[in-house]
Structures are given as structure tokens and as C-alpha cells.
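Input: a single structure, listed below in C-alpha cells.
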Amino acid sequence: METITTKYPEVKNYVGGQYVTSQRETMNIDSPLTGEIISKLPLSNYDDLDLAVKAAAAAFPIWSGMTYKERVQIFFRYRSLLEKNMDELTKLVQLENGKVYDEAKAEIEKSMELCEFAVSMPQIISNEVQEVSRGVECRIEKKPLGVVASIAPFNFPNMVPHWTMPNALVLGNTMIMKPSELVPLSAMRMAELLKEAGLPDGVFNVVNGGKEIVEAICDHPGIKAVSFVGSTKVAQIVYKRATSNLKRCVALGGAKNHLLVLPDAHPDMTASNVVASMSGCAGQRCMAAAVMVGVDKVQHIIDKMVDEAKKIVPGKNLGSVISKAAKERIEGYITAAEKAGAKVLVDGRNCVVEGKEGGFYVGPTILDYVTPEMSVAKEEIFGPVISIIRAKDLDEALKIENASPYGNAAAVFTQSGGLARLVMEKASAGMIGVNVGVPVPREPFSFGGWNDSKFGMGDITGKSSIEFWTQNKKTTIKWNAEAKTNWMS
């Protein structure tokens, strides 16, 4: 049998503070930068998960018994370790995901910001206490759920795990992390840095694998809550399966974000913002611009977009897509749109980067005269492609946006405050931008969409996440037997 040379040792599960070898079938992990195999990963099953759940359950009493301030001290140190190891973590994201350096570095910086919010929990959370009657006191305390799980996608190997891990742990839960089988290396390094920061063994565990381990997480009776980030199709399945097993679940799905461009929009700012939103992270983010709805006379802005797109060079300031299959799928959408009558203004098909001929690259692509019925206008492409639909007025543009089953983000580019306000009120999306192509809220504001972009109550980050990861304990206390009593006491 041919020996596979890897750049990293074979990935193992991380359970109870140590690596555990899983005697399961393995799959190869490719670097999308070059197409080379960089490691192997075990396809874990229910028994592997059960070991991690037992370790997390054993760690829960001591961890949840610590005060908020004791727990956040560990995350102060962990945040410092992220900063100290910035270059290494950045290059790891690059290797397994394909981002350019600055994009990968921005992931780590965002992870640090998410930790900064988590360590503010002692200042955010305070128990509610009130004397409801003479001598009678009621209080509400937020208590952790127990063992929880987080299922993360491939497009942000470092950042998305930090959407859930710091908040869930600081609030007193213990966690099973299931990274994407395409990008498991960043999560393993996170586990090592958490241990270095002083996190007790068993509080954070990593179990690797594919569909089987996701199903096991949804089914395991020892897991109280599940978060998921991925495609809408899988998000729906995970949400239904987890909740049918009486778990809490918030599942973020896909997106088809519409950017409405009005004739009075600032031409240079709009063109650069729209193209950056479309091409950043190779379009592999749920906040990427997917459809530009050009309202009335916007040809001058489209011309500038073409100029901006030509400045984006694969392998230099544009990273790769995640796999060969993804490259073929994205290029298939472009070809289908062209056959259906769309005009290709900038063509990213058949892209090859010198020195990285085996990598999976798609160049920036702008399609004009797309109609709402085309698949490229309706379905999530997850690549550096933007479709331009022409609309005669803002009412028509809003109807086009509202017709999408997704509802992650939408944006409007205009210099009119009144028209911007109208879009803010009428767009059917959970996150809105005004002259902002990627309207991601920053902490303490939470991240989450509407409609088919999210399933479950609440959001996955920010203050909203506190309710998801905790439960309320209500206590009524009476000590003073001599106090005057009434019907309330």
C-alpha cells in the first residue's frame, strides 16, 4: 500500500485533556492552496463521542462550581495566547482553508474579540433579587446547562468555534467541539492553547468525523444543547433531529445576501465595498454579497466594479475555494448562467495559479443581466461570484430581496437617509447594512439571520447567547418569622 506523507501528524480526538487514538476509518485532508494531502482524520462514531461526553460530564461539577471571575481568568490568559501565537494560527488557517494571510489573521483577531466579550460576563450578568413581600425575597440565577456541543463549518476554522466556545464555557458548561472534517487542525490547536491557559481537563473536548458524528451529537442523551453552522439543508436536519431528542438547538444555515445599489450611491465606495464583499474569503462566507440589485441608472457603478474586480488576483489577494468539487460546482453555476442569458463581465473560470497548479482557485466573477429565475440568483454559490439583477425602482428591488427564502443579511448603498431607512424596515433579513457590504455586528451585538438562514430561538453570539447557554433557577427565601405577612407571603 502506498504510504501517504503528511505535513501534520494524523489528527486525533481530544478527550479529557489528552489525545485519544480512534481506531476508525480515516480520510485524507487536502490543503486547498496546493491540493496536497496535509494530514488524515478519523471518522469517529457514537462510541468515540460517548467517551468525550463522559469526560465532559465528569468535569462539569468542578467547572460549574467555580465563580464567573475564576473562569474568566483562564480566558484572559487564553486570549493572550491567541495573540502570542498569531502568526502560527494564521498560517494554520491558511493551510487548511486556503485564505490569504490577511484574511486568516483577521479570523484570529476576531477570535480574540469574542474572548474579550466572554471575559466581560461578570460585568454583564447579575442575579435578579427583589423583596417581593415583607421578609420574602425572590431571586433568579443563571445556571449552566451541562454538557453542550458545537458543530463548526469549514469556512472559518478558528473564528466560528469561538462564536460558541468562550461564552458557553465561561457560563459554566463543558463542551464537545466537532470541527469540519475539512479543517480540523485549528480546533486541535485551540484545545492545546486552552490547556496551556489552565482550562481543567474535560471542559473542552474535540471529536472529529463526518455525518455519523453529527448524528451522534444530535442523538446522545448526555448532550443538553447543540449549535450548528453550515448549509441550510443540513441546518434543518440538525435542528429537527436535535430538538426531536429534546435538546436546545440553534442552527445557522446558508444565505443569498442582496445588496441594493441606488443611483445616488457613492460610486467608488460602493464599487469597492460590493466587490470586496463578493470576493473576500473567496466568497465562502454567509455574509458575502451574492446578488446586487441595481436600481435604475447604475451603469457607472457597475463599470467601476469591473475595474475593482480586475485588481483581485488569485493566489495574491484572493485565496482558494475549499475543494476541487467546490471549484467545479461554482464554475458550473457561472456556465449555466451564461447559457441562460447572463452576460459575463468578469470571468473567474479555469483559473490556475503559477506554482500552485494543483490548488482550487476561482477568480472573481461578475454576471450582469441575471434574472430572478436563474439558479445563480436563487441558490447559494459560496464562491467569489456576484449576480447583477436590474430593477426599475426601489419597490421592485425590495420585492426581489423579499422573495429570497434566505434572510441572513442585506445592504443598501445610497446617500439618502430616507431611502436607507425604508430598506432597513422592509428588507427581510436579520442583519442590515447601510453603505456596508458585510454588515456583521460586533460584540456585544449578536450574529444571526432570519427565515431559512437560521433555525431556533436567539442568536449564536453576543448577549443573546447567554440565554441559549444557561437556564434560570428561581429561589424564594423567607427568614423573618416575625415579619407582618399577607397573601403574598
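The values are calculated or read from the model by the stated rules, or taken from the named source; none is laboratory data. If you're wondering where the values come from, they're calculated on a predicted model, not measured in any experiment. Using ideal geometry, Cβ is built from the backbone for each residue, glycine included, and neighbour counts are taken over all protein chains shown.
Determine whether segment 416-426 contains at least one residue that is small (Gly, Ala, Ser) and in contact with a Phe, Trp or Tyr (Cβ under 7 Å, 6 or more places away or on another chain). Quick ask: steps written out before the conclusion?
Our first condition is that a residue be small (Gly, Ala, Ser); within segment 416-426, this holds for 416-418, 420.
Applying the additional criterion that residues be in contact with a Phe, Trp or Tyr (Cβ under 7 Å, 6 or more places away or on another chain) yields none.
No, because not a single residue in segment 416-426 is small (Gly, Ala, Ser) and in contact with a Phe, Trp or Tyr (Cβ under 7 Å, 6 or more places away or on another chain).
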Next item on the list: Would you check if there is a residue in segment 118-140 being over 24 Å from Thr470 (Cα atoms), within 22 Å of the chain's Cα centre (by Cα) and in the same structural domain as Glu25 (by TED's automatic domain parsing)?
Entry: no
Note to self: Against the conditions (1) within 20 Å of Met175 (Cβ to Cβ); (2) crowded, with 21+ Cβ neighbours inside 10 Å; (3) within 25 Å of the chain's Cα centre (by Cα), where does Asn45 fall short? Just the number, please.
What the structure shows: (2)
Check: Going through segment 160-179 one residue at a time, which ones are of a type in the set (A, V, I, L, M, F, W, C) and more than 12 Å from Ile460 (Cβ to Cβ)?
Finding: Leu169, Val170, Leu171, Met175, Ile176, Met177
Checklist line | Any pair with Cβ under 6 angstrom, 6 or more apart, that starts in segment 32-46 at a residue that is farther than 12 Å from Glu96 by Cβ and ends at one that is modelled with pLDDT of 95 or more and among the acidic types (Asp, Glu) | finding: Asn45/Glu212
Next item on the list: Check segment 437-448 and report whether any residue there is in contact with a Gly (Cβ under 6 Å, 6 or more places away or on another chain), under 15 Å from Asn257 (Cβ atoms) and in the same structural domain as Ile381 (by TED's automatic domain parsing).
Entry: no
Next item on the list: Can you run down the residue pairs with Cβ atoms below 6 Å, 6 or more apart or on separate chains, where the first is in segment 164-177 and over 13 Å from Ala152 (Cα atoms) and the partner is part of a helix (DSSP H, G or I) and hydroxyl-bearing (Ser, Thr, Tyr)?
Entry: Asn167/Ser465; Gly172/Ser64
Notebook entry, point to check: Restricting attention to segment 407-462, which residues are among the hydroxyl-bearing types (Ser, Thr, Tyr), closer than 21 Å to Met278 by Cα and surrounded by fewer than 22 Cβ atoms within 10 Å (Cβ to Cβ)?
Noted result: Ser428
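Can you list the helices (runs of 4 or more DSSP H) lying wholly within segment 383-489 that have 2 or more residues being closer than 30 Å to Glu131 by Cβ and touching a residue at least 12 places away in the same chain (Cβ under 8 Å)?
The helices (runs of 4 or more DSSP H) meeting that bar are 464-469.
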Margin query: Condition first: of a type in the set (Val, Ile, Thr) and at pLDDT 90 or above. Now tell me which residues in segment 432-489 satisfy that.
Written below: Ile432, Val434, Val436, Val438, Val440, Ile460, Thr461, Ile466, Thr470, Thr475, Thr476, Ile477
Notebook entry, point to check: Just wondering, is there one or more residues in segment 26-37 that are under 25 Å from Gly172 (Cα atoms) and buried (at least 17 other Cβ atoms within 10 Å of the Cβ)?
Noted result: no
Notebook entry, point to check: If only one of Arg79, Arg134 is modelled with pLDDT of 95 or more and surrounded by fewer than 24 Cβ atoms within 10 Å (Cβ to Cβ), which one is it?
Noted result: Arg79
Next item on the list: Hey, can you tell me all the residues within segment 331-354 that are within 17 Å of Ile388 (Cβ to Cβ) and assigned to a loop (DSSP other than H, G, I, E, B)?
Entry: Ala340, Gly341, Ala342, Asp347, Gly348
Notebook entry, point to check: Does Tyr78 satisfy the criteria of being closer than 30 Å to Ile223 by Cα and either assigned by TED's automatic domain parsing to the domain that holds Ser150 or more than 26 Å from the chain's Cα centre (by Cα) (or both)?
Noted result: yes
Checklist line | Unique match (being part of a helix (DSSP H, G or I), within 25 Å of the chain's Cα centre (by Cα) and of a type in the set (Asp, Glu)) among Glu308, Glu328 | finding: Glu328
Next item on the list: Give just the number: which of (1) over 30 Å from Leu33 (Cα atoms); (2) touching a Gly at 6+ places or on another chain (Cβ under 6 Å) does Arg139 not satisfy?
Entry: (2)
Item checked: Every residue from segment 195-249 that is touching a strand residue (DSSP E or B) at 6+ places or on another chain (Cβ under 8 Å), farther than 18 Å from Ser22 by Cβ and among the small types (Gly, Ala, Ser) -> Gly222, Ala225, Ser227, Gly230, Ala235, Ala242
Check: Which residues, taken from segment 266-304, are closer than 24 Å to Arg329 by Cα and not small (Gly, Ala, Ser)?
Finding: Val274, Val275, Met278, Cys281, Gln284, Arg285, Cys286, Met287, Val291, Met292, Val293
Checklist line | Count - residues of segment 14-38 that are modelled with pLDDT of 90 or more and either closer than 23 Å to Ser323 by Cβ or not in a strand (DSSP E or B) (or both) | finding: 16
Notebook entry, point to check: Do we have any residue at all in segment 163-172 that's surrounded by fewer than 24 Cβ atoms within 10 Å (Cβ to Cβ), closer than 22 Å to Gly253 by Cβ and out of contact with any His (no Cβ under 9 Å at 6 or more places or on another chain)?
Noted result: no
